[in-house]
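The values are calculated or read from the model by the stated rules, or taken from the named source; none is laboratory data. These figures come from a predicted structure and were not determined experimentally. Note that each Cβ is placed from the backbone with ideal geometry, even for glycine, and that neighbours are counted across all protein chains shown.
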Amino acid sequence: MKEFYPSIPQVKYEGTTSKNPMAFKWYNPDELVDGKPMREQLKFAMSYWHTMCAELTDMFGVGTIDKSYGATDPMEQAKNKADAAFELMNKLSIDYFCFHDRDIAPEADTLAESNRRLDEISDYIGELMQKYNKKLLWGTANCFGNPRYMSGAGTAPNADVFAFAAAQIKKAIEITVKLGGKGYVYWGGREGYETLLNTDMKLELDNLAYLLKLTSEYGRSIGFDGDYYIEPKPKEPTKHQYDFDAATVCGFIQKYGLDRDFKLNIEANHATLAAHTFQHELTVARINGAFGSIDANQGDVLLGWDTDQFPTNVYETALCMLEVIRAGGFTNGGLNFDAKTRRPSNTPEDIAQAYIAGMDSFALGYKIARKIVADGRIDEFVKQRYSSYSSGIGKKILDRTATIDELEKYALGLGDVTTNTSGKQEYLEDILNVIMFG
Ligand code: XLS
Ligand code: NI
Ligand code: NI
């Protein structure tokens, strides 16, 4: 079989003293952590759309990297692309991948022909998965790229578009099940609006919930036993995306009775766009019982759009992994690198380097997060901070037995509150630094 990445070797763990750019410094896939190899704790996934498809175009210029894989015929190209994808995953020790339907097989003139192409390519990918021992983390449908979706898919004002989206998602779920995927993602590509002058918001939201219900129930009927995820994002491409942030999505799935089936896929850069931290979004998901999977990337605080950079900020990866530990680790989810190299980083080696940097940053973040837990000072501080709820009036409040009259009597007896203690933020930040760099 043709080798697509001759300049990328089999990347191995060499430790932090290594100067080899094509080696892992912290990520040792087979190192046992809590009785499980790190590769199973972190569950890294390759995003097919960025890594295999996107040519680093932007609105000011054409692509800077060629992703045609030596073919012009679309189906031959799709097969070469699949060969290249598995070669790369193999060289980088990435066990999982994620795709949109249109990433793996190009869309044809009719839905029937697009579906046939998906059948053919998914057979081919199934064989490669067996050969290389790789797994599908999640599948999804691209219901935003084609001009038919210019005003949304489930939230489109045109019923034909709704029907088309439902059919497309049905097929994408079938392919996900066929390839053994344990997750299916709904990212509301253009599910939002530009102006309320032309928008019936209630109808659009009710329709979106109905689309999720219909398609997710269909998935269950054909044996999908994984998790459905909604991926929050506040803006881009539409001015206002309905799945604004984790809290909005939790409210939405609870309102429409979808919370038993749906969890969240939290993306770091989407958190930043919503003016939240990554850790905030993960915490909101966790406390709502909706922690599912992660799109591992990072944004640029100076830019207001989804730059989808590979994650290298260890402060962020550490706090992310702390939340993952608190959520009990991944079950069906994992860490999908929904990330691309910068436009001038346009060689295959840059792609490998970017994955190495991202995987190392998460392996290091995971090690630091485990140290934070083992150190215990931060958790203990938080526990102490709320200790007034463990006895007396506080315990009654926590037990929900305190009455309003009792609280008033107690407050009158206090005269004023004199018991507040310091939040000690700077002290806690210093502890974090000592754990990270000490
Ligand atoms: C775009 C989203 C997208 C989803 C999958 O901003 O992050 O890539 O992860 O449709
Ligand atoms: Ni994403
Ligand atoms: Ni994104």
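A compact table of results
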{"read-out": "Condition met for Ile397 (of a type in the set (Val, Ile, Thr), under 30 Å from Gly61 (Cβ atoms) and either at pLDDT 95 or above or surrounded by 14 or more Cβ atoms within 10 Å (Cβ to Cβ) (or both))", "value": "no"}
{"read-out": "Residue in the stretch 245-270 that is nearest to ligand 3 (Cβ to nearest atom), counting only those that are of a type in the set (Val, Ile, Thr) and within 17 Å of the chain's Cα centre (by Cα)", "value": "Ile266"}
{"read-out": "Residues satisfying the stated conditions in the stretch 29-39, i.e. buried (at least 19 other Cβ atoms within 10 Å of the Cβ) and in a loop (DSSP other than H, G, I, E, B)", "value": "Pro29"}
{"read-out": "Test: residue in the stretch 405-419 that is part of a loop (DSSP other than H, G, I, E, B), free of Cβ contacts under 8 Å to residues at least 60 places away in the same chain and within 43 Å of the chain's Cα centre (by Cα)", "value": "yes"}
{"read-out": "Selected residue [within 16 Å of ligand 2 (Cβ to nearest atom), touching a helix residue (DSSP H, G or I) at 6+ places or on another chain (Cβ under 6 Å), at negative phi and not polar (S, T, N, Q)] from Leu322, Leu264", "value": "Leu264"}
{"read-out": "Thr341 hydroxyl-bearing (Ser, Thr, Tyr), farther than 27 Å from Leu92 by Cβ and either within 16 Å of ligand 1 (Cβ to nearest atom) or in a helix (DSSP H, G or I) (or both)", "value": "no"}
{"read-out": "Scan of the stretch 289-324 for residues that are surrounded by 22 or more Cβ atoms within 10 Å (Cβ to Cβ), of a type in the set (S, T, N, Q) and assigned to a loop (DSSP other than H, G, I, E, B), ordered by number", "value": "Asn297"}
{"read-out": "Residue in the stretch 353-376 that is more than 30 Å from Tyr427 (Cβ to Cβ), assigned to a loop (DSSP other than H, G, I, E, B) and either within 16 Å of the chain's Cα centre (by Cα) or not aliphatic (A, V, I, L, M) (or both) present", "value": "no"}
{"read-out": "Every residue from the stretch 40-64 that is among the hydrophobic types (A, V, I, L, M, F, W, C) and in a helix (DSSP H, G or I)", "value": "Leu42, Trp49, Met52, Cys53"}
{"read-out": "Single match in Asn269, Asn336 (criterion: within 13 Å of ligand 1 (Cβ to nearest atom), in a helix (DSSP H, G or I) and polar (S, T, N, Q))", "value": "Asn269"}
{"read-out": "Cβ-Cβ under 6 Å pairs, at least 6 apart or on other chains, the stretch 255-275 side farther than 21 Å from Thr331 by Cβ, far side more than 12 Å from ligand 1 (Cβ to nearest atom) and not in a helix (DSSP H, G or I)", "value": "Ala274/Asp245"}
{"read-out": "Contacts under 7 angstrom Cβ, first residue in the stretch 358-379 being among the hydroxyl-bearing types (Ser, Thr, Tyr), partner in a helix (DSSP H, G or I), 6 or more apart", "value": "Ser361/Val314; Ser361/Thr317; Tyr366/Gln41; Tyr366/Leu42; Tyr366/Met321"}
{"read-out": "Of all residues making up the stretch 282-305, the number that are touching a strand residue (DSSP E or B) at 6+ places or on another chain (Cβ under 9 Å), within 13 Å of ligand 1 (Cβ to nearest atom) and not small (Gly, Ala, Ser)", "value": "4"}
{"read-out": "Residue that is nearest to Gly289 (Cα to Cα) [pool: residues in the stretch 229-260 that are surrounded by fewer than 22 Cβ atoms within 10 Å (Cβ to Cβ) and among the basic types (Lys, Arg)]", "value": "Arg260"}
{"read-out": "Residue in the stretch 223-241 that is in contact with a Gly (Cβ under 6 Å, 6 or more places away or on another chain), of a type in the set (D, E, K, R), within 15 Å of ligand 1 (Cβ to nearest atom) and over 19 Å from Glu174 (Cα atoms) present", "value": "no"}
{"read-out": "Identity of the residue in the stretch 91-135, within 16 Å of ligand 2 (Cβ to nearest atom) and closer than 21 Å to Tyr27 by Cα, that ends up surrounded by the fewest Cβ atoms within 10 Å (Cβ to Cβ)", "value": "Tyr96"}
